[in-house]
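J.: Okay, handing you the structure first.
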Amino acid sequence: MRFLVSFKKVSIISFCMTLALVSFASETSAQRKRVVEEEKKSSSKEATAKDKSTRPTVQHPRSPKTSRPSLTNELIIRKRTQDSKSLVKKTASTKAKTRAVKRRAFAYRATTRAMMMQSIRSKLGIRYRLGTSGPRSYDCSGFVWKVFQQSGIPFTRTSARHFWRTFDKVYGDDRYEFGTLVFFNRLGHVGIVVDKKGFYHASSSRGVMYSKFSPYWRKRTVGFRRVPVYYSQADF
């Protein structure tokens, strides 16, 4: 009898210990699972934070705000017609262009002007003689012809009247440019203009000389002519 009681006690105690061990083991495994899960969570958080810290940040530029309004109307391209041409105003007249071209045609090169002046100065004081063209005497047309010939602008030796009919008319300030021909006494006399103040010519009384445009000569002036550049071999 005592043996049975003791056996029951032992079996009860062992059963209780078994339950205690089972509960302890289950609790321990649960704690381990929680620890493992927490470690995984913490590691994943650390990896995410590390990835964010190492990842470069990119800032996209904002488009600047403009006050210009966008086009809403449709653009229409039309072909040019005869009517549109008539709307264009002329900015310069044809006469002005023609004068500019003529003015350039009348202008002599600096080298040509220098040669003309050198030829004139070499003849100053040489006596006048009708029908001659140097080197010891000159009449008015012979003097003009010789100066231009020695300056590289050859033309036929004729009278002052023929020069008047052959060469180009000049107006305005062109009349007093160096090298222009001035005619006097009903086309019976011709000289070479220096400027507005005077001219060179072969005077019947004093030979080759310089004279001013005095009232005497202005009353006898018929007009002005210009030997064009295309007569010049050097300036062609």
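J.: Once fully extended, how much extra length lies between Lys197 and Asp168, figured as 0.36 nm per residue of separation less the alpha-carbon to alpha-carbon distance?
T.: Using 0.36 nm per residue and subtracting the Cα-Cα distance, I get 8.2 nm.
J.: Here's something else I'd like to know. Given the Cα-Cα distance of Arg161 and Val222 and 0.36 nm per residue of separation, how much length would full extension add, in nm?
T.: Answer, rounded to one decimal: 20.9 nm.
J.: Among Glu177, Glu37, rank each residue by its count of other Cβ atoms within 10 Å, from fewest to most, as a rough exposure measure.
T.: Starting with the residue having the fewest Cβ neighbours, the order is Glu37, Glu177.
J.: Relative contact order (percent) for region 109-231, with alpha-carbon contacts under 8 angstrom and 6 or more residues of separation?
T.: Taking the mean separation of contacting Cα pairs over the length of region 109-231, I get 27 percent.
Quick note: the coordinates plus some simple rules give every number you see, no bench work behind them. Please read these numbers as outputs of a predicted model, since none were measured by experiment. Heads up, the Cβs are rebuilt from the backbone with ideal geometry, glycines too, and the neighbour counts pull from every protein chain shown.
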